[in-house]
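The values are calculated or read from the model by the stated rules, or taken from the named source; none is laboratory data. Computed from a predicted structure; not experimentally measured. Here the Cβ is made from the backbone with ideal geometry for all residues, glycine too, and neighbour counts use every protein chain on show.
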Amino acid sequence: SSFRLCLPRNEASPRKSEPSGAHTPLTRKPRLLLIDDEVLLLRSLTRYLKRHFEVIAVESVAEATAALAEDQGPRPDVVLCDVMMPDDGGPAIYQRVVERDEALAERFVFMTGGAFERDASSFLDGLKNRVLAKPLDLPQLLACLREVAEAR
């Protein structure tokens, strides 16, 4: 079989210049700090999300604390953080950020495979932040992260 596809020639008129006061969208990708101790999930999410975000991926509370230190360059636009990790996990990271940067704390999105410990359940119950259940629905995750990043 052979096919022939004929497309019309693009006869679009030249773009008009925008007025000097017009809003121009950001051209850079939003920064995402991704925190999860499950290395395979961390790699998979990084691979998926790097098309849409500048991803900084860390796998421990210590690495996350270092990445969120005020002297470590630009702040993330959004943080995707697992709840259940060693060293008190997501709640410990979040609490440190709340104490220093309330605006950044509002840009946290949490993910969990189920908060089975009483402390983790209490933490999630008291949050205003978004919480996504694992296994993650990738289109839903992407939409949620974009919305939080754009709200900044």
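Annotations for the structure displayed:
Yes/no per residue for (1) at pLDDT below 95; (2) surrounded by fewer than 15 Cβ atoms within 10 Å (Cβ to Cβ); (3) closer than 18 Å to L41 by Cα:
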position: M111; (1), (2), (3): yes, no, yes
position: R118; (1), (2), (3): yes, yes, no
position: G126; (1), (2), (3): yes, yes, no
position: P135; (1), (2), (3): yes, yes, yes
position: E147; (1), (2), (3): no, yes, no
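- Among the residues of region 57-64, some residue qualifies, meaning at least one is over 21 Å from P139 (Cα atoms), free of Cβ contacts under 8 Å to residues at least 60 places away in the same chain, crowded, with 18+ Cβ neighbours inside 10 Å and among the acidic types (D, E).
- Some residue of region 87-95 being hydrophobic (A, V, I, L, M, F, W, C), modelled with pLDDT under 95 and touching a strand residue (DSSP E or B) at 6+ places or on another chain (Cβ under 9 Å): yes
- Taken over region 46-89, the criterion of being of a type outside the set (D, E) and out of contact with any helix residue (DSSP H, G or I) (no Cβ under 8 Å at 6 or more places or on another chain) is satisfied by T46, R47, K50, R51, S60, A62, A66, A67, A69, G73, P74.
- Filter pass, V55 being within 24 Å of L40 (Cα to Cα) and either modelled with pLDDT of 90 or more or of a type in the set (D, E) (or both): yes
- F3 over 30 Å from L142 (Cα atoms) and at pLDDT 65 or above: yes
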